[in-house]
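One structure is given below, encoded as structure tokens.
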Amino acid sequence: MHDILLRVLDYTNTVFLFYFVAANIVYTILMILSLYTVSLHAIWARHKPYKDLADSPVTPPVALIVPAHNEENAIVQTVLSLLDLNYPEKEILVVDDGSTDSTVERLIEKFQLRPLDLIYRESLKTGRPKAIYHNPEWPQLFVLSVKHGGKPHALNSGINMARSPYFCTVDADCIIESDALLRLMAPVTQSTEETVVSGGIVRIANGCTIKEGRITKLDLPKTWIELCQTVEYIRTFLFGRPGWSALNATFITSGAFCLLHKESVIKAGGFSRDTVTEDIDMIASLRHYMAAHKRKYRIQFTTDPICWTEAPRTVKMLARQRRRWQLGLTQTILKNQNMMFNPKYGLTGLLSMPFHAYLEALGCVVEALGTVLIPVSYVVGGMPLSMFLVFMFLAIGYGTLLSMGSVVLEEITLRRYPKLKHVMILMAYAVLENIGYRQMVTIFRAQGVLQYFAGRKHWETVHHKGLEVAGAHGN
Amino acid sequence: MGISLLRNRAILGGILLLTLLGCWEFWWKPQYRPYYQSGQAQYLREDYAKALSSLKTAYAIEPNASELVTLLGWTHFKLRQPEKARYYFQRALKIEPGNEEAYLGMAALELNRGGKAETAGLERIMRKRPGDPDVMSLLAAAYVQDGKNSLGANLYRLLLADKNYRQNASEALEELFGLQGFSDPIPSSFAPLTRAENTRVPFRATENSMWRQESGNWQKYYVAGVNFGPGTPGFFGSDPPVDGKVYSTYLQQTWQMNANVMRVYTLLPPSFYRAFKDATEAGS
């Protein structure tokens with residue numbers, strides 16, 4: 001009996017070891033690629049190419065689409081900050097997704113909007129909005145009021161209304177740095193290929209002082225859970241995604257701040273309601289469309305357009321957020337399974353897709369089981385001490401190294417936290433994040449995957465990040 | 001949902017990956033068994049150094065096979081490396097708490113360094129493997145250490161029939177009966193204990209003197225004594241010599257220097273009492 005248990009543990013340990021080694025090899029490769037691209041980009045960005053872009057008459061216009069559902073606290077400030085963005089030609093489309101609070105009323109009051117019967121071309125099937133508001137004194141701003149249909153529906157309505165060739169999705173509770181849109185557009189204009197998506201970085205605004213939709217004083221949050229998330233965001237956005245972008249195999253961009261080519265999105269069918277993370281699904285749909293029509297294209301991720309967002313402040317909210325992301329990732333992967341191991345999709349199919357499927361989506365179940373079973377197997381004698389320590393080293397030591405490396409990279413290139421004190425705190429949390437926090441998040445994520453297999457397909461579909469933090473703004 | 005999931009490349013890929021890992025774990029990766037078997041053969045040929053190197057190779061491949069870990073323990077035991085042997089026996093017991101060989105190994109280690117081993121556990125193994133000379137000898141030693149000399153002697157007597165243990169058993173019996181150095185045959189049992197019918201008081205201490213009773217009269221008795229303990233030159237105090245000749249010589253020399261009393265502050269090996277008996281019988 002004990003012998004059989006040990007056999008089983010031997011097998012699970014082999015799986016865990018494989019998982020850890022594979023994950024860390026991929027992380028290391030991504031880290032090297034990221035170091036290369038991020039520092040190259042930093043050198044390039046030092047020459048301030050954005051002024052040309054801002055002055056040029058041919059810089060493509062961009063529609064900023066802001067889906068909003070019950071955002072009365074944040075919406076006016078968000079719109080003000082978007083109107084303030086340094087960009088030559090832009091339109092701002094706020095899509096009110098059937099809010100039950102006074103989101104629309106606040107906007108009408110602030111900008112003196114009135115309902116207008118404007119042309120609405122239904123390129124994507126959405127149904128006509130309930131009302132369109134506009135004020136010629138604010139020619140850039142349009143407000144659409146649609147029936148409550150979820151974030152993908154709101155985004156599709158915004159796309160139908162947009163006149164610009166590019167659009168940028170912006171979450172209603174995000175604060176975008178004033179140069180960020182220019183920086184996001186730069187890769188599109190620089191590229192020799194058609195760039196259909198350009199994604200930016202998301203940072204955590206907790207702890208910062210916010211006035212009139214601008215960050216006036218940068219500071220770190222105070223609680224451990226927010227600090228751990230700060231380090232985690234720095235790590236994933238600086239060490240993961242630039243690496244995939246360098247391989248032209250981006251699988252995830254954050255819908256909180258992401259520039260997309262409108263025609264391609266419409267051709268690809270727009271945002272879909274199949275998953276709870278429509279942003280990831282959109283990338284996959286675009287890849288399907290582009291591959292089917294044999295078009296050359298790029299999906300670009302850049303590290304200096306920064307968008308600040310509120311992160312969950314309690315463990316309960318964090319758990320909900322992570323379960324939802326994981327559920328969405330699993331849905332997206334299983335929905336777009338024909339990309340897997342398919343050379344038609346290049347490195348996305350051969351590398352990025354399996355990585356996200358087995359190391360990110362399903363891997364977190366392995367990691368969660370490993371967190372529990374490896375100590376168990378050591379206790380029942382299934383694993384000698386040396387092997388146990390190697391596992392612990394891989395699980396904790398290497399993670400710490402990556403986190404600390406990403407904080408260093410942040411300080412070298414972006415320097416959003418210039419004070420020495422901030423760097424010291426971030427370094428300390430780069431270590432602490434790997435002890436406790438990461439294990440906790442892994443368990444939340446594993447729950448998300450299990451929820452998928454338990455048949456939970458739609459779960460709080462419309463609730464996106466910031467909405468989970470009640471009253472976080474305007475302070 | 002069930003059928004469509006099975007057609008899903010992502011799921012299929014995952015299942016394939018897990019199967020491949022299973023194949024690797026159970027078939028493809030180097031297996032420890034050949035090394036274990038050659039180590040076992042070398043151990044049985046009593047080539048312990050070679051056995052150790054084969055077993056170490058096997059252990060590096062598979063650290064969780066309890067029979068392998070136990071054999072490593074025994075090899076170290078035979079090479080007189082008790083600390084390493086203890087590590088492997090303990091590990092084997094951790095992997096498989098009911099491992100008899102490892103339990104015997106732990107008992108042997110304890111008995112070897114003069115400690116006690118739990119007789120109940122050994123008895124249980126004895127019942128499972130009746131007549132096994134290895135278990136029998138360990139249990140006998142454990143009985144003796146526990147003070148159950150007659151039980152131990154019975155087992156040793158049975159072991160006299162075994163060709164590997166004959167020598168050991170007869171030495172142990174001679175020690176138990178205090179016969180070493182004397183040419184008596186080993187008796188078939190311990191002499192029955194009988195108590196004298198009347199208590200007799202041959203000595204007393206009173207009026208600042210020692211007195212001895214001789215044919216009913218008390219007479220003063222001058223004590224010229226020797227304090228006699230187990231701490232013999234060349235031996236540890238806990239491990240006194242068992243050869244009766246040593247004690248006979250000491251007693252004779254004590255006698256010759258006109259000492260008339262011998263004080264013993266602890267129990268000495270049976271051969272001492274045997275020698276004492278001989279000496280007093282010869283002296284009086």
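Please treat every number below as a calculation from the coordinates, not as lab data. Note that the coordinates shown come from a computational prediction; the quantities given were computed from them, not determined experimentally. Every residue, glycine among them, receives a Cβ derived from its backbone with ideal geometry; neighbour counts consider all protein chains shown.
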- [ ] May I ask you to list the lysines whose Cα is less than 27 Å away from that of residue A:294, ignoring any residue fewer than eight positions away on the same chain?
- [x] A:125, A:262, A:267, A:335, A:344
Task: Helix-only CD estimate at 222 nm, as mean residue ellipticity for chain A, using -39500 (n - 2.57) per DSSP H run (n ≥ 4) - done: -15000 deg cm²/dmol
- [ ] Scan around residue A:65 for amide H atoms under 5 Å from its own, H built in the peptide plane at 1.01 Å from N, and keep only partners 5 or more places away or cross-chain.
- [x] A:93, A:168, A:169, A:170
Task: Degrees separating the helix A:315-335 axis from the principal Cα axis of chain A, which is the longest one - done: 90
Open item on the list: Give the separation of the Cα centroids, region B:194-273 to region A:99-154, in Å.
Closed with: 116
- [ ] Restricting to the protein assembly as shown, compute how many DSSP beta bridges are antiparallel as a %, nearest 5.
- [x] 45
- [ ] Count the DSSP beta bridges whose two residues both fall in region B:201-284, then state the antiparallel fraction as a percent rounded to the nearest 5.
- [x] 65
Open item on the list: Just want to confirm a number: the relative contact order over chain B, from Cα pairs under 8 angstrom separated by 6+ residues, in percent.
Closed with: 9
Open item on the list: I'd like the distance between the alpha-carbon centres of region B:144-175 and region A:1-58, rounded to an integer number of Å.
Closed with: 69
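Tell me, what is the FRET efficiency for residue A:58 and residue A:263 to the nearest 0.05, using R0 = 25 angstrom and their Cβ-Cβ distance as r?
0.90
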- [ ] Go ahead and run the numbers for FRET between residue A:163 and residue A:421, Cβ-Cβ distance against an R0 of 41 Å, rounding to 0.05.
- [x] 0.30
Open item on the list: Using alpha carbons only, how many angstrom separate the centre of region B:35-86 from the centre of region A:189-237?
Closed with: 59
Open item on the list: What are the ³J(HN,Hα) couplings of region B:100-113, residue after residue, when phi is run through the Karplus curve with 6.51, -1.76, 1.60 and θ = phi - 60°? Round to Hz, x for glycine and proline.
Closed with: 5, 4, 5, 5, 4, x, 4, 5, 4, 4, 4, 5, 5, 9
Open item on the list: I need A:376, A:94, A:449 ordered by Cβ neighbour count within 10 Å, fewest first.
Closed with: A:376, A:449, A:94
TODO: Distance from a point 7 Å along Cα→Cβ of residue B:171 to each backbone N in region B:245-274: keep the residues under 18 Å and list them by number.
DONE: B:245-246, B:269-271
Open item on the list: Using only DSSP helix segments of four residues or longer, with each worth -39500 (n - 2.57), what per-residue ellipticity at 222 nm results for chain B after dividing by its residue count and rounding to 500?
Closed with: -17500 deg cm²/dmol
Task: Cross-link pairs beyond the 23 Å C-alpha cut-off, checked among A:51/A:211; B:84/B:128; B:94/B:128; B:50/B:84 - done: A:51/A:211; B:84/B:128
TODO: Specify the angular offset, from 0 to 90 degrees and rounded to the nearest 10, of the alpha carbon long axis of helix A:278-292 from the longest principal axis of the alpha carbons in chain A.
DONE: 90
- [ ] Could you list which residues have their amide H under 5 Å from that of residue A:301, counting only those 5 or more apart in sequence or on another chain, with H placed in the peptide plane?
- [x] A:199
Task: 20 Å Cα-Cα reach of residue B:277 towards lysines, excluding residues that sit fewer than 8 places from it in its own chain - done: B:245
